[in-house]
Structures are given as structure tokens and as C-alpha cells.
Amino acid sequence: MEEVAAAAWWWSSWWAVAVAGTAACLLLHVATRVVDALWWRPRRLEAHFARQGVRSPPYRFLVGSVREMVALMAEATAKPMAPAAAHNVLPRVLAFYHYWRKIYGPTFLIWFGPTPRLTVAEPELVREIFLTRAEAFDRYEVHPVVRQLEGNGLVSLHGDKWALHRRVLTPGFYPDNLNVPAKSLLALIIKGRRACSD
């Protein structure tokens, strides 16, 4: 009987050690994956882009650049907008973009948590992206409330639907097609000014 109890004790302690060891390995694996996703991967991406000359605000653990973005937006909206700058709304609407563009140049990263977004403002680079590499750049999925406001226009479409809508809309922006409304609009403006001056 004592042999059976000793064997049962050995078996139960071995089983407990195996379960605890497996749980510890699993916990270590999950912790490593979380730390990799939230710290090491963003740091590697930041270094990769820095080697290519693309700088960014420093990555902050878990929040990225969001805290700075909110602070810059709050600071911009706290001050009244100057009447002389009524048409220059960028510093107020996208205060973080305006501020960081001055510091980091026209191409920089913005961190939304551990996810980077590449911001490009060089016209030639934007043109190259849209004309030659549009399929390589995925657009983010917008919030459903924003989707209701925007609708299903060219900006929010993806893939084949985007290509079809773009192909349908492009001829409307050819210079020949734009000249006709421009001439009639110019005639209307001149007629309106004459009516106002009389």
C-alpha cells in the first residue's frame, strides 16, 4: 500500500511540475510575443525608416504618438484663429501634422499605438505612389460613423471598385472637359461683377 501511495505521490508531483513548466513556457512565449509586438517591432521599424532618412516622433510604449497628437491639437484649438489666417486652417485642423512637418520634413512616420503610418507630402513621390504603386499601399478601414459621413466615394473604395470608379471619373478631369465649365464660369463671374458695380 505504501508503494502505491509513493508511486501516486511521485506521479502527481511529476504531473504538477510538467503542468507548471508548460504553463510557464506558454506564459513566457505569450509575454515575448506581446513585448515584440508592442516594443521591439516598433523600434525595429523606427530604425529601419531612420536608415532610409525617414524620421518620426519617438515611439512611446503602447500609445505611440497619440499623446503628443492630442496635446498639439488641444493647444491649437485653445487659441483663437487669427482673421488673417482664415484660409490657412492646416495648423488648426491638423496641428500635429503641421508641427511635425516643420521638424521632420515632408515624409515622416506617425505612430498610432504600435502601428506606424507613413505620411508623404512630396508631390512627385505622391504621384509615383498613386500612378505606379497604388496596389502596394492599403488604405485603412475607416470608422463606420466616418463611412456614413463620407459615403462610398473614391476615397473610401478599395481594389477593383476603386479602379472602376477612377476609370469612370478620370475623363471628367481632362483639361478639355474642364475648359468649357471654366469659360462659362468666368463669363458668369464677369456678369455678376458688372451687376454688383452698377
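Derivation of every value follows stated rules applied to the coordinates shown; laboratory data play no part. Keep in mind the model is a prediction, meaning the values are calculated, not measured. Virtual Cβ from ideal backbone geometry, glycine too; neighbours counted across all protein chains shown.
Remarks
- Counting other Cβ atoms within 10 Å as a rough exposure proxy, the listed residues Trp162, Trp100, Trp40 run Trp40, Trp162, Trp100 from fewest neighbours to most.
- The residues Arg33, Arg92, when put in order of fewest to most other Cβ atoms within 10 Å, stand as Arg33, Arg92.
- The calculated FRET efficiency for Asp36 paired with Val120, based on their beta-carbon distance and R0 = 30 Å, is about 0.65.
- Order of Leu45, Leu72 under a 10 Å beta carbon neighbour criterion, fewest first: Leu45, Leu72
- Shape analysis of the range 40-94 places it in the oblate category; the axes a ≥ b ≥ c from the Cα gyration tensor give an a/c of at least 1.5, with a/b not above b/c.
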